[in-house]
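The values are calculated or read from the model by the stated rules, or taken from the named source; none is laboratory data. Every value quoted in this text rests on a predicted model; they were computed, and no experiment measured them. Reconstructed Cβ throughout: ideal geometry from the backbone, glycine too, with neighbour counts over all protein chains shown.
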Amino acid sequence: MKSEELTVQTGGHGGVFDITADVAGFASGQGDGLLSVFVPHATAGVAVIEVGAGSDQDLVAAIDHLLPAEQGRWRHEHGSPGHGRDHVLPAFVSPSLTIPVVAGRPTLGVWQSVVLVDTNVDNHSRKVRLSFIEG
Amino acid sequence: MKSEELTVQTGGHGGVFDITADVAGFASGQGDGLLSVFVPHATAGVAVIEVGAGSDQDLVAAIDHLLPAEQGRWRHEHGSPGHGRDHVLPAFVSPSLTIPVVAGRPTLGVWQSVVLVDTNVDNHSRKVRLSFIEG
Amino acid sequence: MKSEELTVQTGGHGGVFDITADVAGFASGQGDGLLSVFVPHATAGVAVIEVGAGSDQDLVAAIDHLLPAEQGRWRHEHGSPGHGRDHVLPAFVSPSLTIPVVAGRPTLGVWQSVVLVDTNVDNHSRKVRLSFIEG
């Protein structure tokens with residue numbers, strides 16, 4: 001298995017960070033197999049969505065609506081006010097994703113991008129582990 | 001790796017589409033390994049739920065409640081009114097799922113079915129990629 | 001592929017059950033590869049979150065808020081009152097999770113634990129299938 005960690009500069013503001021090019025570059029030159037995207041942090045997830053037409057902001061707004069970052073709402077009270085909701089997020093937006101690779105290319109659809117979803121404002125950079133297992 | 005695309009006729013109405021038989025058929029005759037179900041579309045996901053006792057309709061109702069298809073609510077404004085929410089759905093109902101296969105049989109529980117979750121009314125057929133990697 | 005089922009005593013109350021030690025024990029002695037965690041039940045999921053600082057209770061509260069266990073709200077009407085929502089849960093908190101393993105160790109972050117999420121009060125024990133495929 002080929003496995004390596006990628007660093008994503010999130011700049012300490014929450015949001016959606018496109019890592020599609022990194023995923024494609026990692027798969028390039030490999031054959032057929034499964035590519036695992038895994039975030040080793042307790043306050044972030046990975047998703048496959050369209051970016052660039054508003055859906056990235058829509059996703060952040062939906063997360064803010066469904067899991068509000070309100071102080072006092074969450075039992076977990078470390079970090080910035082409302083940070084407790086960042087710790088619930090990965091149960092719904094999983095830190096784990098598996099993408100089939102055929103002839104060295106992730107089999108993503110035309111409008112699909114792989115994104116890191118990170119609403120945590122207390123960290124400025126995040127790791128993402130990419131792993132490829134040939135089949 | 002064995003990998004192929006399945007076509008699901010959704011008829012242009014949103015909902016839950018049972019693909020368990022396709023998944024079982026694909027695994028049949030294989031040995032032990034991991035089976036990946038991956039939807040190459042930006043507005044659909046896959047889930048493992050019970051079907052036939054109301055939970056499929058309950059899921060559609062829950063999605064409508066949590067992510068309402070209201071015009072003006074979403075930044076993404078292509079397609080039918082409210083279509084923007086379809087683009088947020090895959091962050092919560094992931095297009096990627098991995099199921100262990102033992103002796104050519106998916107290790108699903110008695111009440112589990114594999115379903116395509118597609119709330120997009122602008123497309124009448126969808127693809128689902130099935131891949132199997134032996135271990 | 002190495003594959004076995006784990007039994008988790010949930011005691012018939014809903015909640016979050018830490019299985020990190022079981023996952024680590026299962027991976028121990030293996031090399032590099034992908035570890036699949038799969039719950040063969042239609043009313044439970046698996047997640048990777050922090051435990052012990054309140055986020056486990058926060059997750060249960062978020063589920064109760066987003067998917068209320070209210071009688072009459074759900075079409076599925078078997079089991080205890082409100083049980084219908086347990087059948088919708090796995091669409092959002094998936095029963096399937098894949099974790100990379102490097103040199104026999106799951107590549108979890110410091111604050112990440114693997115948990116069974118089970119809101120079903122009608123069952124007192126649950127199975128979780130662990131599978132490892134070497135790469």
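Output the residues belonging to segment A:95-121 that are touching a strand residue (DSSP E or B) at 6+ places or on another chain (Cβ under 9 Å) and under 16 Å from A:Gly14 (Cα atoms). Scanning segment A:95-121 gives A:Pro95, A:Val115, A:Leu116, A:Val117, A:Asp118, A:Thr119, A:Asn120. Kindly indicate whether A:Gly45 is outside any loop (DSSP other than H, G, I, E, B), in contact with a Pro (Cβ under 8 Å, 6 or more places away or on another chain) and small (Gly, Ala, Ser). For A:Gly45, the condition - outside any loop (DSSP other than H, G, I, E, B), in contact with a Pro (Cβ under 8 Å, 6 or more places away or on another chain) and small (Gly, Ala, Ser) - is met.
For segment B:108-135, give me the residue count where each residue is of a type outside the set (A, V, I, L, M), in a strand (DSSP E or B) and more than 9 Å from every other protein chain (Cβ to nearest Cβ).
First, pick out the residues of segment B:108-135 that are of a type outside the set (A, V, I, L, M): B:109, B:111-113, B:118-120, B:122-127, B:129, B:131-132, B:134-135.
Retained after the next criterion (residues that are in a strand (DSSP E or B)): B:113, B:118, B:125-127, B:129, B:131-132, B:134.
Next, only the ones that are more than 9 Å from every other protein chain (Cβ to nearest Cβ) stay: B:118, B:125-126.
Number of matching residues: 3.
Applying the condition of being surrounded by 23 or more Cβ atoms within 10 Å (Cβ to Cβ) and of a type in the set (A, V, I, L, M, F, W, C) to segment B:109-131 and asking which residue is nearest to B:Phe38 (Cα to Cα) yields B:Val128. Residues that are among the hydrophobic types (A, V, I, L, M, F, W, C) and either within 9 Å of chain A (Cβ to nearest Cβ) or farther than 16 Å from B:Phe92 by Cα (or both) within segment B:68-81 comprise just one, B:Trp74.
Within segment B:85-107, can you find the residues that are among the charged types (D, E, K, R) and part of a strand (DSSP E or B)? Before the answer, list the steps.
Taking segment B:85-107 first, the residues among the charged types (D, E, K, R) are B:85-86, B:105.
Within segment B:85-107, B:Arg105 is the sole residue that qualifies.
Tell me, yes or no, whether segment B:68-84 has at least one residue that is in contact with a strand residue (DSSP E or B) (Cβ under 7 Å, 6 or more places away or on another chain), outside any strand (DSSP E or B), surrounded by 20 or more Cβ atoms within 10 Å (Cβ to Cβ) and without any contact (Cβ under 8 Å) to a residue 40 or more places away in the chain. The answer is no; no qualifying residue exists. When segment A:57-67 is filtered for residues that are among the charged types (D, E, K, R) and either part of a loop (DSSP other than H, G, I, E, B) or more than 9 Å from chain B (Cβ to nearest Cβ) (or both), only A:Asp64 remains.
Can you find a residue in segment A:29-40 that is surrounded by fewer than 23 Cβ atoms within 10 Å (Cβ to Cβ), away from chain C (no Cβ under 14 Å), over 16 Å from the mean Cα position of the chain (by Cα) and under 30 Å from C:Gly135 (Cα atoms)? Yes.
Look at segment B:118-135 and say how many of its residues are of a type in the set (D, E, K, R), touching a helix residue (DSSP H, G or I) at 6+ places or on another chain (Cβ under 9 Å) and within 17 Å of B:Leu6 (Cβ to Cβ). Let's see the steps before the verdict.
Let us first name the residues in segment B:118-135 that are of a type in the set (D, E, K, R), namely B:118, B:122, B:126-127, B:129, B:134.
Retained after the next criterion (residues that are touching a helix residue (DSSP H, G or I) at 6+ places or on another chain (Cβ under 9 Å)): B:118, B:122.
Still in the list and also within 17 Å of B:Leu6 (Cβ to Cβ): B:118.
So the answer is 1.
From C:Glu77, C:Glu134, which residue is more than 17 Å from the chain's Cα centre (by Cα) and under 17 Å from B:Ile99 (Cα atoms)? Write out each step before concluding.
Values: C:Glu77 fails: under 17 Å from B:Ile99 (Cα atoms).
It is C:Glu134.
Just to be sure, is C:Ala44 touching a residue at least 40 places away in the same chain (Cβ under 8 Å) and either closer than 24 Å to C:Ile99 by Cα or polar (S, T, N, Q) (or both)? I'd like the intermediate steps shown before the answer.
Working: touching a residue at least 40 places away in the same chain (Cβ under 8 Å): yes; either closer than 24 Å to C:Ile99 by Cα or polar (S, T, N, Q) (or both): yes.
When the stated conditions are applied, C:Ala44 passes them.
What about C:Ala53, is it more than 23 Å from C:Leu108 (Cβ to Cβ), within 12 Å of chain A (Cβ to nearest Cβ) and surrounded by fewer than 23 Cβ atoms within 10 Å (Cβ to Cβ)?
Working: more than 23 Å from C:Leu108 (Cβ to Cβ): no; within 12 Å of chain A (Cβ to nearest Cβ): yes; surrounded by fewer than 23 Cβ atoms within 10 Å (Cβ to Cβ): yes.
Spelling it out, it is not the case that C:Ala53 is more than 23 Å from C:Leu108 (Cβ to Cβ), within 12 Å of chain A (Cβ to nearest Cβ) and surrounded by fewer than 23 Cβ atoms within 10 Å (Cβ to Cβ).
In segment A:8-19, is there at least one residue being surrounded by fewer than 16 Cβ atoms within 10 Å (Cβ to Cβ), in contact with an Asp or Glu (Cβ under 8 Å, 6 or more places away or on another chain) and either under 26 Å from B:Ser3 (Cα atoms) or within 14 Å of chain C (Cβ to nearest Cβ) (or both)? Within segment A:8-19, none of the residues are surrounded by fewer than 16 Cβ atoms within 10 Å (Cβ to Cβ), in contact with an Asp or Glu (Cβ under 8 Å, 6 or more places away or on another chain) and either under 26 Å from B:Ser3 (Cα atoms) or within 14 Å of chain C (Cβ to nearest Cβ) (or both). Which is under 17 Å from C:Val93 (Cβ atoms) and modelled with pLDDT of 95 or more, of B:Leu35, B:Leu97? Result: B:Leu97 is the single residue among B:Leu35, B:Leu97 that is under 17 Å from C:Val93 (Cβ atoms) and modelled with pLDDT of 95 or more.
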